[in-house]
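Undergrad: Handing you this structure, nothing more for now.
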Amino acid sequence: MVVIQHEHPLTLVDLNPKYPRDEYVYDDEEDLISNQAFQCPCDRCDLNITFFHRYYYKCNQCDYSLHKLCYELPITLEHTSHLAHTLSLFQNESQQECHVCKYYIWDNQLCYYCSTCMLNICLNCGKNKAHHHTIYHPSHEHPLIPINRENSMMCDACGKHHQGIFYQCITCFLSFIYEDCIFSPKRLLIQEGTCDKFFHTHPLILTYGFPIADQQAKFNPRCRVCDKSFSGYEDFWVYKCEKCRYYAHHHCAYSRSSYLRSKPSESGKSKYYFFERQ
Ligand SMILES: [Zn+2]
Ligand SMILES: [Zn+2]
Ligand SMILES: [Zn+2]
Ligand SMILES: [Zn+2]
Ligand SMILES: [Zn+2]
Ligand SMILES: [Zn+2]
Ligand SMILES: [Zn+2]
Ligand SMILES: [Zn+2]
């Protein structure tokens with residue numbers, strides 16, 4: 001499938017114009033919390049555009065949106081490894097090997113393609129730098145980017161060991177957060193992930209630390225899910241409801257099943273659904 005330039009002009013949208021800002025102010029702002037729930041599929045790479053990407057391009061005339069990074073990719077490419085022809089930006093349809101680095105390019109991934117020689121060049125090689133989405137996350141004062149290979153290490157959000165893709169700060173190198181944890185929702189209904197075993201009428205709000213002084217001021221509460229204390233957990237993320245003094249470790253409150261993330265194929269379906277209804 002050829003990637004074609006869109007026929008209408010696109011506008012750059014900033015989903016978090018006040019970034020970075022104080023956590024406590026942040027908690028009370030309904031518009032920012034609802035902005036954090038924003039997601040829509042990117043019409044070039046098929047992955048979701050989320051609040052954490054901060055910037056995206058949007059068409060004012062139709063239902064068309066692009067990640068800022070995907071928008072900025074050039075449509076054609078002259079590459080030193082293949083000077084005979086100009087390559088074009090394509091969305092890959094079946095798994096292919098990159099002509100340069102020999103790594104696989106997966107289905108639906110963007111790549112550069114020479115239609116004459118039927119060869120593909122991955123975006124990493126095509127751009128001579130990684131195809132990284134920068135994440136503007138309220139937990140950290142600098143932008144974060146995904147490390148481009150799998151790691152097995154402790155996550156700075158939940159304190160647990162994970163295997164997979166981690167996000168890292170490239171300014172201070174201090175923050176390593178597992179991809180599933182970094183996208184956990186700001187506002188969570190605990191009963192949705194725990195099969196109603198734990199129930200709380202108010203949504204819990206995600207905060208990025210539970211300082212000792214704060215714990216003491218609240219009479220050293222225990223986690224409502226596992227009943228363990230928060231000692232040694234000062235720097236990790238907590239879901240809480242201050243009204244009810246309800247606190248839970250990030251990993252106790254948040255389970256994979258609770259967070260409804262639409263996969264590329266599902267987001268594609270929802271687009272068709274949109275057309276069917278008209
Ligand atoms: Zn994209
Ligand atoms: Zn349009
Ligand atoms: Zn490559
Ligand atoms: Zn060629
Ligand atoms: Zn984690
Ligand atoms: Zn940093
Ligand atoms: Zn717990
Ligand atoms: Zn409550």
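Undergrad: Name, by its number, the condition in (1) crowded, with 18+ Cβ neighbours inside 10 Å; (2) closer than 19 Å to Ser139 by Cβ; (3) within 16 Å of ligand 8 (Cβ to nearest atom); (4) over 25 Å from the mean Cα position of the chain (by Cα) that does not hold for Phe230.
TA: Of (1) crowded, with 18+ Cβ neighbours inside 10 Å; (2) closer than 19 Å to Ser139 by Cβ; (3) within 16 Å of ligand 8 (Cβ to nearest atom); (4) over 25 Å from the mean Cα position of the chain (by Cα), only one is false for Phe230: (3).
Undergrad: Out of all the residues in segment 137-181, which are of a type in the set (Phe, Trp, Tyr) and in contact with a strand residue (DSSP E or B) (Cβ under 8 Å, 6 or more places away or on another chain)? Steps first, please.
TA: Going through segment 137-181, the residues of a type in the set (Phe, Trp, Tyr) turn out to be 166-167, 173, 176, 178.
Scanning segment 137-181 gives Phe166, Tyr167, Phe176, Tyr178.
Undergrad: Might you check whether a residue that is under 26 Å from the mean Cα position of the chain (by Cα), of a type in the set (A, V, I, L, M, F, W, C) and either in the same structural domain as Thr207 (by TED's automatic domain parsing) or within 16 Å of ligand 4 (Cβ to nearest atom) (or both) occurs anywhere in segment 68-87? Break it down stepwise before answering.
TA: First, the residues of segment 68-87 that are under 26 Å from the mean Cα position of the chain (by Cα): 68-75.
Now narrow it down to the ones that are of a type in the set (A, V, I, L, M, F, W, C): 69-70, 73, 75.
Then keep just the ones that are either in the same structural domain as Thr207 (by TED's automatic domain parsing) or within 16 Å of ligand 4 (Cβ to nearest atom) (or both); that gives none.
The answer is no, given that none of the residues of segment 68-87 is under 26 Å from the mean Cα position of the chain (by Cα), of a type in the set (A, V, I, L, M, F, W, C) and either in the same structural domain as Thr207 (by TED's automatic domain parsing) or within 16 Å of ligand 4 (Cβ to nearest atom) (or both).
Undergrad: If you don't mind, another one. In segment 1-14, which residues are assigned to a strand (DSSP E or B) and either in contact with a Cys (Cβ under 9 Å, 6 or more places away or on another chain) or at pLDDT below 80 (or both)? Give the steps one after another, and end with the answer.
TA: Residues of segment 1-14 assigned to a strand (DSSP E or B): 2, 10-14.
Result: Val2, Leu10, Thr11.
Undergrad: Scan segment 90-109 residue by residue and report those that are closer than 21 Å to Leu47 by Cα and in a loop (DSSP other than H, G, I, E, B).
TA: Within segment 90-109, Asn92, Glu93, Ser94, Gln95, Tyr103, Trp106, Asp107, Asn108, Gln109 meet the criteria.
Undergrad: Restrict the check to segment 132-149 and report whether at least one residue is free of Cβ contacts under 8 Å to residues at least 24 places away in the same chain and under 20 Å from Arg44 (Cα atoms).
TA: No, segment 132-149 has no match at all.
Per-residue answers, yes or no, for (1) surrounded by 12 or more Cβ atoms within 10 Å (Cβ to Cβ); (2) modelled with pLDDT under 90; (3) more than 16 Å from ligand 5 (Cβ to nearest atom):
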position	(1), (2), (3)
Ile147	yes, yes, no
Asn151	yes, yes, no
Asp156	yes, no, no
His162	yes, no, no
Ile177	yes, no, no
Ser184	yes, yes, no
Glu192	yes, yes, yes
Cys195	no, yes, yes
Asp235	yes, no, no
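Undergrad: Check Leu83, Leu87 and return the single one that is free of Cβ contacts under 8 Å to residues at least 12 places away in the same chain, assigned to a strand (DSSP E or B) and not charged (D, E, K, R).
TA: Numbers: Leu87 fails: free of Cβ contacts under 8 Å to residues at least 12 places away in the same chain.
Matching residue, one of Leu83, Leu87: Leu83.
Undergrad: Looking only at residues in segment 15-61 that are part of a strand (DSSP E or B), of a type outside the set (Val, Ile, Thr) and modelled with pLDDT under 90, which one is surrounded by the most Cβ atoms within 10 Å (Cβ to Cβ)? Even if it seems obvious, please write down each step before you answer.
TA: Step one: of segment 15-61, the residues part of a strand (DSSP E or B) are 39-41, 48-50, 55-59.
Now narrow it down to the ones that are of a type outside the set (Val, Ile, Thr): 39-41, 48, 55-59.
From the residues that got through so far, the ones that are modelled with pLDDT under 90 too are 39, 48.
On the way: Gln39: 17, Asn48: 20.
The qualifying residue surrounded by the most Cβ atoms within 10 Å (Cβ to Cβ) is Asn48.
Undergrad: Can you pull out every residue in segment 61-94 that is closer than 17 Å to Pro9 by Cα and among the aliphatic types (A, V, I, L, M)?
TA: Filtering segment 61-94 down to residues closer than 17 Å to Pro9 by Cα leaves 61-75.
Passing the criteria: Leu66, Leu69, Leu73, Ile75.
Undergrad: Same structure, new question: When the residues of segment 237-254 are filtered to those that are more than 15 Å from ligand 5 (Cβ to nearest atom) and either among the hydrophobic types (A, V, I, L, M, F, W, C) or in a loop (DSSP other than H, G, I, E, B) (or both), which remaining residue is nearest to Glu192 (Cα to Cα)? Explain how you work it out, then say what you get.
TA: Filtering segment 237-254 for residues more than 15 Å from ligand 5 (Cβ to nearest atom) gives 240-247.
Now restrict to residues that are either among the hydrophobic types (A, V, I, L, M, F, W, C) or in a loop (DSSP other than H, G, I, E, B) (or both): 241-245.
On the way: Cys241: 16, Glu242: 20, Lys243: 20, Cys244: 19, Arg245: 20 Å.
The residue in question is Cys241.
Undergrad: A further question on this structure: Go through Tyr247, Tyr208 for me and flag whichever is surrounded by fewer than 19 Cβ atoms within 10 Å (Cβ to Cβ) and not assigned by TED's automatic domain parsing to the domain that holds Phe51. Working first, answer last.
TA: Values: Tyr247 fails: surrounded by fewer than 19 Cβ atoms within 10 Å (Cβ to Cβ).
From the options Tyr247, Tyr208, the qualifying one is Tyr208.
The values are calculated or read from the model by the stated rules, or taken from the named source; none is laboratory data. No experiment lies behind these values; they were computed from the predicted model shown. Glycine gets a Cβ as well: all are built from the backbone with ideal geometry, and neighbour counts include every protein chain shown.
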